[in-house]
Ligand SMILES: [Zn+2]
């Protein structure tokens, strides 16, 4: 996939003019979407999931699995360099938050109870992703 593109940093005010309120809240204001609300839960076809803020491709559909949690779930990112993590203590127990390495937009949390071959479960907010079916061109990265 080549090297990940350089970081994109925008002030919140600029994202607020680009993203709808639901995406802005989850991506940049510490929100979490309610489970079972994302149409991406039901996507089974081949394609690519891209960051809803900057359009960086983060997950391929062949790494998606049915976790039963109500959030789109993946067992590995396209490239680990596209995901950045930090410890999150919001629920009192440490969890590993992950976000788009390019724009910093919050995606979800990663857990060690996923399926083979990685054993990881990337539990992603649906609003933080867009799905591009296979055969459709990926949009140019937002800058
Ligand atoms: Zn991004």
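Among the residues of the stretch 16-35, those identified as at pLDDT 95 or above and under 12 Å from residue 124 (Cα atoms) are 26, 27, 33, 34, 35.
For residues that are out of contact with any strand residue (DSSP E or B) (no Cβ under 8 Å at 6 or more places or on another chain) and more than 15 Å from residue 44 (Cα to Cα), scanning just the stretch 119-134, find the one that is farthest from the ligand (Cβ to nearest atom).
We begin by selecting, within the stretch 119-134, every residue out of contact with any strand residue (DSSP E or B) (no Cβ under 8 Å at 6 or more places or on another chain); these are 119, 126-127.
Those left that are additionally more than 15 Å from residue 44 (Cα to Cα): 119, 127.
Values: 119: 25, 127: 13 Å.
Per the stated criteria, the residue is 119.
Of the residues making up the stretch 98-143, those that are without any contact (Cβ under 8 Å) to a residue 24 or more places away in the chain, part of a strand (DSSP E or B) and either in contact with a helix residue (DSSP H, G or I) (Cβ under 8 Å, 6 or more places away or on another chain) or farther than 13 Å from residue 51 by Cβ (or both) are 109, 111. Within the stretch 3-15, residues that are over 13 Å from residue 141 (Cα atoms) and more than 12 Å from the ligand (Cβ to nearest atom) sit with their Cβ atoms under 8 Å from residues that are modelled with pLDDT of 95 or more and in a loop (DSSP other than H, G, I, E, B), at 6+ positions apart or across chains, in these pairs: 12/29.
Within the stretch 36-62, the set of residues being closer than 18 Å to residue 121 by Cβ and touching a residue at least 40 places away in the same chain (Cβ under 8 Å) comprises 38, 40, 41, 43, 49, 58, 59, 61.
Among the residues of the stretch 34-74, the one identified as more than 12 Å from the chain's Cα centre (by Cα), surrounded by 18 or more Cβ atoms within 10 Å (Cβ to Cβ) and under 14 Å from residue 109 (Cβ atoms) is 67.
The values are calculated or read from the model by the stated rules, or taken from the named source; none is laboratory data. Worth saying up front: this structure is predicted, and the values here are computed from it rather than measured. Quick reminder, even Gly has a Cβ in these numbers, built from the backbone with ideal geometry, and neighbours come from all protein chains shown.
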